[in-house]
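A short reminder: the numbers here are calculations on the coordinates, not readings from a lab. Because the structure is a prediction, the values reported are computed rather than measured. Cβ coordinates were reconstructed from backbone atoms using ideal geometry, including for glycine residues, and neighbour counts include every protein chain displayed.
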Amino acid sequence: MPNDVVSKLIEKTYQELNQAEKPQARSRISNTPNGYIFLVVWSNANLLRIFVRKFTENLPKSEYRLKAQFDDNARSVVANIEEGFARPTTMEYLNFLGYSRASLIEGKGDAQRSLQDGFLKSLPGSSLKDLEIDLSDWHEALKRSVISKPAGIKGDYRKLEESRGQNILNKQIPLNSFKFLYKPVDNLKAENLTYEIFIELINKTDWHLRKLVESLEKKLAREQKFHQVEKARIRSKLRLQ
């Protein structure tokens, strides 16, 4: 084999061996797989799902398609946030947040059509405050309802365990009477829901969702920039040899 061909093969092999490593594919693996519970957008989405369920339970049987679609959209907003959080890469997480936002916007359309068709009442000026719901208090109550925090753990959520149908007194709670231990939600009645309240919650959820996406896009850009810098460093090193 000619010497020049051998030299080119050696150089090619050397370059391949010295290529910059790509960002780790599993860079998002966390010791807290249910860490999404600390996201405001997740708690807001859960509240929206409860609102939707309360509302659709009172729809006429003839509106089964609206009920199924509205329920599915609300559930999808929550489920995609949870599944996206468990995905191993930032890009996958962003994709699932995109699915979540698409379902949220579709749900907004369901609320608008429910208003137009006379199933959802409008009361200008009505808001979450009329239901005595504070989103921060709701978030804390929701976290308490889905996890149990062992005594003595302060700020370390690595040992969080899922609640298994027990209340704070360690007594079994029937599954068909689950309570969030937050009265404004536990005592919520469908007739108190208005179009304005739905839109307020949807818009606030959308804002937090977009902010989360922006922060992850910045993280992704940093990861990609690191990879590009490493590639440039290797190329520079090869030119000097």
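Checked against a 30 Å cut-off, the cross-linked pairs Lys61/Lys143; Lys61/Lys108; Lys108/Lys143; Lys8/Lys219; Lys67/Lys183 give Cα-Cα distances beyond that limit for Lys61/Lys143; Lys8/Lys219. Using the average count of surrounding beta-carbon atoms within 10 Å as a protection proxy, the listed peptides 32-39, 112-119, 201-208 rank, highest first, as 201-208, 32-39, 112-119.
Summarising the label geometry, the points placed 7 Å from Cα in the beta-carbon direction at Phe119 and Trp207 lie 2.8 nm from one another.
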